[in-house]
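Okay, so here's the structure we're looking at.
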Amino acid sequence: MSRRRKHWGWGHEDEQPSAGELREAAAGLAAHLGFGSADVEAPAPVALDPPRVELPASLRGVATQDDHARAVHAHGSSYGDVVRAFRGRFPHAPDAVALPGSEDELLRVLAWCADARLAVTPYGGGTSVVGGVDPVRGSLEGAVSVDLSRLDRVLEVDGVSRAALIEAGAAGPRLEEQLSERGLTLRFFPQSFELSTLGGWIATRAAGHFATGPTHIDDLVESVRAVTVGGDVWESRRLPGSGAGPSPDRMLLGSEGTLAVVTRAWVRVRPRPRERRSASVTFPSFAAGCDAVREIVQSGLAPANCRLVSAREAALTFAGDADLLVLGFEDAGVAGFDAAVSCCEAYGGQVSEGGGGGSAAWRDAFLRAPYLRDTFVAMGVLSETFETAVTWDRLPGLVESVSGAVEEALGRAGSVTCRLTHAYPDGAAPYFTVLAPAERGEEEAQWGPIKADAGDAVLAAGGTITHHHAVGRDHRRWYDAQRPEPFAAAWRAAKATLDPDGLLNPGVLWGEA
Ligand SMILES: Cc1cc2nc3c(=O)[nH]c(=O)nc-3n(C[C@H](O)[C@H](O)[C@H](O)COP(=O)(O)OP(=O)(O)OC[C@H]3O[C@@H](n4cnc5c(N)ncnc54)[C@H](O)[C@@H]3O)c2cc1C
């Protein structure tokens, strides 16, 4: 029997801890944080309005109107999404969930949506944290969530060029399991790896665990195949690089399901790593750690892992009480390990080689985080993250002003912590985590103004509204402010050509939010 996803939070129903286990975990967490309650709440049951449209008989094997499936596909995975679903609120439940098992079936679903004027929401793993998968229908007659998860195969491997053709609905583990049979890996590990999919990564320009080098999926994509709502196939040529005008792949990368549905892509793969060296480095201050990271990347060293965690965040994740750099090199990069260590020492870093010294604890907390957030919701703890990127010259000012804006908006107990997730020669990606006592039942209203202040502070300090979480609907206000207007006009024209009735993801990236 296939496993069912939880209708509100992370993972599957069979992974949900019992009430007793939850109470015990909540008591421990509340003691550690100094807020939250061992009095855990249970999720409200699913009760949806009936679908607004009838499924054509010809699509009965391809789509469902089952309430559980509609509830699962009614939202993504932001804090707002999780609390809304936890409290039984599904304002955008789709009228149907389509699960095409082939491109032909997908085309039949799209043709139905076009005929019946239904909004189409491409759905990969539903891990969007920016309101990207809510099946908002706008002025249309209804909405259909198009779940690509049955398209999950590695179709072909070109061992000579080290590339693989993979279907868009393959989630991280399924994709890696098939590649590993050939001794290969995509080595693209976002924190949402377990559930997110290749198509979702491409559509959102996701970033993986590589802290330097090929961090965004963009760097790993060789060609993309997608279909438009009108049934046209958009397939780019497989090339290692090309200067032939604007790139068709670049136009799809980050299009967030608004132009076409990605069905498969050729991606660059590599042999599984054989050699690794890693270290935990503690610094006298976050600023000293930033200086060391900057020097490492500007020296041309390419650590696979290079996450600088603030002392406050390290303490919250049981990874010690100092500013901590989790540093790791793989294969050819290992040659740079000693130079990177010297660089850290020059800025006062205390180096401990291997998995100890806080790295292992932090990594463990990182992997558990998606599950932990469900516990936080049940125990009355507000927990959300947001991220940006900024040039090195503006980094210290941004971290200070954004942290200050969030602390002020929190107004009472709670914390905002920071880490650098990705580093470039000219800048870095700071990632913020907010934990605070939740106003139970009013969580969305509580988080909204905090998020607004954070977004404003990010833009005022010279950052982008997102380095890798995407725009969706939640970031529209800031995205609209940061993109040049002639570019927006060009995109509106592209959208009008490819999706003239505005069926694909109304309000995401363009149009009425
Ligand atoms: C706990 C957690 C950790 C996360 N960690 C990371 C991280 O480390 N790095 C990172 O980049 N992001 C991260 N995210 C955000 C999220 O995982 C990414 O945006 C991811 O790329 C979404 O993939 P998905 O398959 O779940 O797509 P979905 O959430 O299903 O969809 C995301 C967007 O892409 C569109 N889309 C999906 N599939 C297709 C397709 N085949 N064709 C066209 N459009 C499509 C959707 O319509 C939507 O607009 C995290 C999220 C959570 C909840």
Which residue is nearest to the ligand (Cβ to nearest atom), if the candidates are limited to the range 100-124 and must be assigned to a loop (DSSP other than H, G, I, E, B) and closer than 20 Å to L155 by Cα? G124
Please verify whether the range 412-422 includes one or more residues that are at pLDDT below 95, of a type outside the set (S, T, N, Q) and either within 16 Å of the ligand (Cβ to nearest atom) or surrounded by fewer than 19 Cβ atoms within 10 Å (Cβ to Cβ) (or both). yes
Determine if the range 171-180 includes at least one residue that is in a loop (DSSP other than H, G, I, E, B) and either modelled with pLDDT of 95 or more or closer than 27 Å to D364 by Cβ (or both). no
Show the residue pairs that are 6+ apart or on different chains and have beta-carbon atoms under 7 Å apart, the first residue being within the range 234-253 and without any contact (Cβ under 8 Å) to a residue 12 or more places away in the chain, the second being loosely packed, with under 12 Cβ neighbours inside 10 Å and assigned to a helix (DSSP H, G or I). none
For the range 52-80, give me the residue count where each residue is part of a loop (DSSP other than H, G, I, E, B), within 20 Å of E141 (Cβ to Cβ) and not β-branched (V, I, T). 8
Selection within the range 455-513 - closer than 22 Å to P135 by Cα and of a type in the set (D, E): D474, D480, D499, D501, E512
Of the residues in the range 260-276, those that are over 18 Å from A340 (Cα atoms) and either away from the ligand (no atom under 16 Å from the Cβ) or assigned to a loop (DSSP other than H, G, I, E, B) (or both) number 8
Tally up the residues in the range 81-99 that are out of contact with any Asp or Glu (no Cβ under 7 Å at 6 or more places or on another chain), more than 14 Å from the ligand (Cβ to nearest atom) and assigned to a helix (DSSP H, G or I), please. 1
Conditions (1) within 15 Å of the ligand (Cβ to nearest atom); (2) in contact with a Pro (Cβ under 9 Å, 6 or more places away or on another chain); number of the one not met by G472: (2)
Test each condition in (1) under 24 Å from the mean Cα position of the chain (by Cα); (2) surrounded by fewer than 24 Cβ atoms within 10 Å (Cβ to Cβ); (3) more than 30 Å from P449 (Cβ to Cβ) for P100 and report the one that comes out false. (2)
Filter the range 232-259 down to the residues that are in a loop (DSSP other than H, G, I, E, B), under 18 Å from K495 (Cβ atoms), of a type outside the set (D, E, K, R) and within 15 Å of the ligand (Cβ to nearest atom) and list them by number. L253, G254, S255, G257, T258, L259
Name the single residue, out of those in the range 475-513 being within 24 Å of V399 (Cβ to Cβ) and assigned to a helix (DSSP H, G or I), that is farthest from the ligand (Cβ to nearest atom). A481
Return the pair list, or none, for Cβ contacts closer than 8 Å from residues in the range 488-513 that are on the phi > 0 side of the Ramachandran plot and in contact (Cβ under 8 Å) with a residue 24 or more places away in the chain to residues that are part of a helix (DSSP H, G or I) and within 16 Å of the ligand (Cβ to nearest atom), at least 6 apart or on different chains. G502/K495; G507/R476; L509/R476; L509/Y479; L509/W491; G511/K495
Residue check for G462: within 26 Å of L509 (Cβ to Cβ), outside any helix (DSSP H, G or I) and more than 16 Å from the ligand (Cβ to nearest atom): yes
Looking at the structure I just gave you, is E384 acidic (D, E) and either assigned to a helix (DSSP H, G or I) or surrounded by fewer than 15 Cβ atoms within 10 Å (Cβ to Cβ) (or both)? no
Being under 30 Å from D426 (Cα atoms) and either crowded, with 20+ Cβ neighbours inside 10 Å or small (G, A, S) (or both) is true for just one of A170, A203, A226. Which residue is that? A203
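The values are calculated or read from the model by the stated rules, or taken from the named source; none is laboratory data. Remember, predicted model here, so these are calculated numbers, not experimental data. Cβ atoms come from the backbone with ideal geometry, glycine included; neighbour counts cover every protein chain shown.
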